[in-house]
Structures are given as structure tokens and as C-alpha cells.
Amino acid sequence: QVQLVESGGGLVQPGGSLRLSCAASGFSLDSYAIGWFRQAPGKEREGVSCISDRDGRTLYVDSVKGRFTISRDYAKNTVYLQMNSLKPEDTGIYYCAAHWGVCVVGPRRGLGGTYDYWGQGTQVTVSS
């Protein structure tokens, strides 16, 4: 069975950092694209980042470039999202998701593709 479990969220002050983890089971990361998404209250879900080891590709939405870094650990079958210089607008529930294949660029350089598997989400709150 496919399962994705996020962890690492919490409350942080503006300018602070968090590292989110997405632990995958039931499939191997090397054949899947893993994306991070976030959703703030009253807003649509937004793609943040994606990694696919099959082609060595990483993608970032423009608003997080230079601040967020996505990575993976094969041994732990886990994908990480290191978030630095956090801003209040980064607040939301962060989800990891997976689809077979490689990361796909969507409209306006956002994340494309249809993600088949989703985690339960972890709350990130950036506030003073």
C-alpha cells in the first residue's frame, strides 16, 4: 500500500526555518516524482516544489526559489523540504504527493502533472 506521511511543521517566526519530511512507503522514490504543495485558509492549493531522481530534476515555484530546498534520502525513502527565510505568506498546510515518472512544469512555471498519492499534511505557521 502506498503511504506518504509528512512531519516537521510547526510555529516559527518570520525569517526562521523549518525542515519538512515526507516518508514514503509502498513504492520507491527512484521512479516517482514527489511534490510539495501548500494550502492556506481560503486559498487554492499551490504547488511549491518537486523532485524526481529518475532525471535528476528539481522544480520550485518562483515565490520560494532561493529560500526552499528539496532533497531526498534513498536509504530512508524520504523527501525533505528545507524552508529558510520563512514569511507569513508561507503559512498553510503542507502536503507531499507523488506520481509515477518525472516532475512536470505547469502553467507559469508552476507544478504540473496529476498527483495520485497524497499525505495527510502538516501545518506550517509563520507568525510573530
Strands (runs of 3 or more DSSP E) within segment 5-111 that include 2 or more residues in contact with a His (Cβ under 9 Å, 6 or more places away or on another chain): 32-39
Check on Thr69, open to solvent by 70 Å² or more (accessible area, probe 1.4 Å), modelled with pLDDT of 95 or more and β-branched (Val, Ile, Thr): yes
Segment 83-115, subset over 14 Å from the mean Cα position of the chain (by Cα) and modelled with pLDDT of 95 or more, residue surrounded by the most Cβ atoms within 10 Å (Cβ to Cβ): Leu86
Criterion (among the polar types (S, T, N, Q), surrounded by 21 or more Cβ atoms within 10 Å (Cβ to Cβ) and out of contact with any Lys or Arg (no Cβ under 8 Å at 6 or more places or on another chain)) met by exactly one of Ser49, Ser127: Ser49
Of all residues in segment 33-44 being over 17 Å from Gly9 (Cα atoms) and over 11 Å from the mean Cα position of the chain (by Cα), the one that is surrounded by the most Cβ atoms within 10 Å (Cβ to Cβ): Lys43
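The values are calculated or read from the model by the stated rules, or taken from the named source; none is laboratory data. Because the structure is a prediction, the values reported are computed rather than measured. So basically every Cβ, Gly included, is an ideal-geometry build from the backbone, and we count neighbours across all protein chains shown. We work out accessible area using only protein heavy atoms, side chains counted, and drop any ligands, DNA or RNA first. Shrake-Rupley method; radii C 1.70, N 1.55, O 1.52, S 1.80 Å.
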